[in-house]
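Presented below is the structure to which this report refers.
Derivation of every value follows stated rules applied to the coordinates shown; laboratory data play no part. Everything numeric here is computed off the predicted structure, so don't read it as measured data. All Cβ positions, glycine included, derive from the backbone under ideal geometry; neighbour counts span all protein chains shown.
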Amino acid sequence: MVRRRKVGPNNRSYTGRHVTGDGENTVRYESKLERDLLILLESRPGVLEITEQPFTLEFVDSTGRKKTYTPDFLVRYADKTSIYEVKFKDELKKNWDRYREPYFYARSWAKQNGMRFRIMTEKAIRTLRTENFRVLRPFLRVEPDADTVQQILNGLAEGPWTIGRLAKDLYPNVEERGLFWQAMWVLLVQGRLTGDFDRFPLGMDFVVWRT
């Protein structure tokens with residue numbers, strides 16, 4: 001295994017930096033699909049660290065030639081570590097003969113080292129959950145109004161409510177709901193409130209509850 005290589009811009013890729021939830025680290029990505037996976041990963045509890053292109057594996061293919069493979073991401077969870085390869089379905093199918101051996105080797109290497117290897121396509125990445133957290137991410141480091149936050153938490157003390165019903169109950173005047181929406185999105189993205197992000201889009205009918 002060779003040390004991680006740096007992600008750099010090129011003419012065929014969409015590169016950028018994903019700022020982690022704590023604001024202390026950045027993870028580079030080379031495509032919009034990789035960027036979307038990072039949004040999805042950070043929406044899941046238990047993710048401790050994400051590293052882009054963490055290392056390069058060296059192996060000998062079926063023809064006896066030396067080859068290398070660099071995975072897209074290494075993700076450390078509280079209870080496991082996973083290696084992720086990101087590909088569009090049509091690209092994966094079209095180039096499977098080229099990808100098969102490095103991916104099989106990576107899967108075997110990961111298993112031997114107590115890790116899991118996963119190939120992620122747009123079907124698994126571009127989900128409703130990902131879209132919901134794409135909306136919420138800009139509020140990660142917003143400081144909400146403290147009184148509004150407490151009103152929302154108090155309003156949910158006895159159980160779940162739809163966002164719309166809670167908004168109408170706390171702020172009957174629509175023009176006064178600006179601070180409510182800001183505080184609601186902050187509480188959701190920070191995990192102090194939650195809901196069924198996998199099945200329902202954010203909106204007035206979205207049901208929320210305290211964690």
Inset, instruction - Can you tell me which of 61-68, 163-170 comes out highest on packing, and rank the rest after it, using the mean Cβ neighbours within 10 Å? - result: 163-170, 61-68
Legend entry - 3J(HN,Hα) from dihedral phi, segment 118-124, Karplus parametrisation 6.51/-1.76/1.60, rounded to Hz, x for glycine, proline: 10, 9, 10, 9, 4, 4, 7
Legend entry - Length-normalised contact order of segment 2-125 in % [C-alpha pairs under 8 Å, at least 6 apart]: 21 percent
Inset, instruction - Under a cut-off of 20 Å between alpha-carbon atoms, report the aspartates and glutamates in cross-link reach of K80, not counting same-chain residues fewer than 8 places apart. - result: E42, E49, E52, D72
Legend entry - Residue exposure sequence - L202, L193 - by fewest surrounding Cβ within 10 Å: L202, L193
Legend entry - Sequence-separation-based contact order of segment 139-210, relative, with Cα cut under 8 Å and 6+ spacing, percent: 46 percent
Legend entry - Proximal lysines to K94, defined as alpha-carbon separation beneath 29 angstrom and excluding residues fewer than eight positions away on the same chain: K6, K32, K66, K67, K111, K123
Legend entry - Cβ-derived FRET efficiency at R0 30 Å, R118 paired with V60, nearest 0.05: 0.80
Legend entry - Vicinal HN-Hα couplings computed from phi for segment 77-94 (Karplus, 6.51 cos²θ - 1.76 cosθ + 1.60; Hz; Gly/Pro x): 9, 5, 10, 6, 10, 10, 10, 10, 10, 10, 8, 6, 4, 5, 5, 4, 5, 5
Inset, instruction - Using per-residue counts of other Cβ atoms within 10 Å, averaged over each peptide, order 129-140, 45-56, 26-37 from highest down. - result: 26-37, 129-140, 45-56
Inset, instruction - Taking the Cα centre of the chain as origin, work out the dipole magnitude from +1 charges on Lys and Arg Cβ and -1 charges on Asp and Glu Cβ, in debye rounded to 20. - result: 1320 debye
Inset, instruction - May I ask for the distance between the Cα centers of segment 80-147 and segment 196-211, given as a whole number of Å? - result: 23 Å
Inset, instruction - Could you calculate the contour length gain from N173 to K32, that is, 0.36 nm times the residue separation minus the distance between their Cα atoms, to one decimal place in nm? - result: 46.8 nm
Legend entry - Modelled FRET efficiency - R0 30 Å, F200 with T15, Cβ distances, 0.05 increments: 0.40
Inset, instruction - Return a whole-number percent for the relative contact order of the chain, with Cα pairs under 8 Å and 6 or more residues apart as the contact set. - result: 16 percent
Inset, instruction - Please compute the net charge surrounding F117, taking Lys and Arg as +1 and Asp and Glu as -1 over other residues with Cβ under 10 Å from its Cβ. - result: +3
Inset, instruction - Rounded to whole Hz and in sequence order, give me ³J(HN,Hα) for segment 137-142 from the Karplus expression 6.51 cos²θ - 1.76 cosθ + 1.60, θ = phi - 60°, writing x for Gly and Pro. - result: 3, x, 9, 4, 10, 7
Legend entry - Under 5 Å, built H, 5+ apart or other chain: amide partners of V86: D72, M120
Inset, instruction - Sum up the charges of everything whose Cβ sits under 13 Å from the Cβ of W185, counting Lys and Arg as +1 and Asp and Glu as -1, but leave W185 out. - result: +3
Inset, instruction - Using R₀ = 35 Å, calculate the FRET efficiency as 1/(1 + (r/R₀)^6) where r is the Cβ-Cβ separation of R76 and S108; round to 0.05. - result: 0.95
Legend entry - Rough spin-label spacing in nm, given labels placed 7 Å along Cα→Cβ, for T162 and T211: 2.5 nm
Legend entry - In degrees, nearest ten, helix 178-189 long axis to first principal axis of the chain (Cα): 40 degrees
Inset, instruction - Using amide H atoms built 1.01 Å from N in the peptide plane, name the residues 5+ places from S31, or on other chains, whose amide H lies under 5 Å from its own. - result: Y14
